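Working notes, structure below.
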Amino acid sequence: MKRGELYRVAHPSAKDPRKYRVFVIVSRQVAIDSRFSTVMCAPIYSVHDGLSTQILVGTEEGLKHDSSIHCDELVSLSKSALTQYIGMLSPTKMDELNQALRIALEIPN
């Protein structure tokens, strides 16, 4: 399990109307490799609003259609729920993700 990997998760929350949702792992690698049972993830939606905290992704990352990572909606998910591997973000997309997370969390460059 690595930072930047995408996973399809069944029934991620009671509020989510979809049966499955794809998430990208955003936790730092040391936390992913730790004994902790959860990791921080950002959800991926088919809607893109053009916000600086959203990253366009698509078939290059293993998705069926163009979508968007939403860094303003971070969630903690159990590592055990991350079993359906979809794909991995490219180094360029990882740079975009890092910038979007800095904006979402108001962390200066």
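Any read-out appearing in this document is the output of simple, stated calculations on the displayed coordinates, not a laboratory observation. In this text the structure is predicted, and so the values were computed from the model without any measurement. Backbone-built Cβ (ideal geometry, glycine too); neighbour counts: all protein chains shown.
Results, tabulated for the structure shown:
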| item | result |
| --- | --- |
| Within the chain, helix-based [θ] at 222 nm, where runs of 4 or more DSSP H residues each add -39,500 (n - 2.57), nearest 500 | -4500 deg cm²/dmol |
| Cβ charges +1 (Lys, Arg) and -1 (Asp, Glu), total dipole of the chain, debye | 500 debye |
| Segment Leu56-Glu106, length gained on full extension (0.36 nm per residue, minus Cα span) | 16.0 nm |
| log10 of Debye I(q)/I(0), alpha-carbon scatterers only, for the chain at 0.11, 0.17, 0.23 Å⁻¹ | -0.30, -0.76, -1.42 |
| Ala31-Met94 pseudo-label distance in nm [points 7 Å out on the Cα-to-Cβ vector] | 1.7 nm |
| Ranking of Val47, Val26, Val57 by count of other Cβ atoms within 10 Å, fewest first | Val47, Val26, Val57 |
| Rel. contact order, % - alpha carbon contacts under 8 angstrom, at least six apart, segment 5-104 | 31 percent |
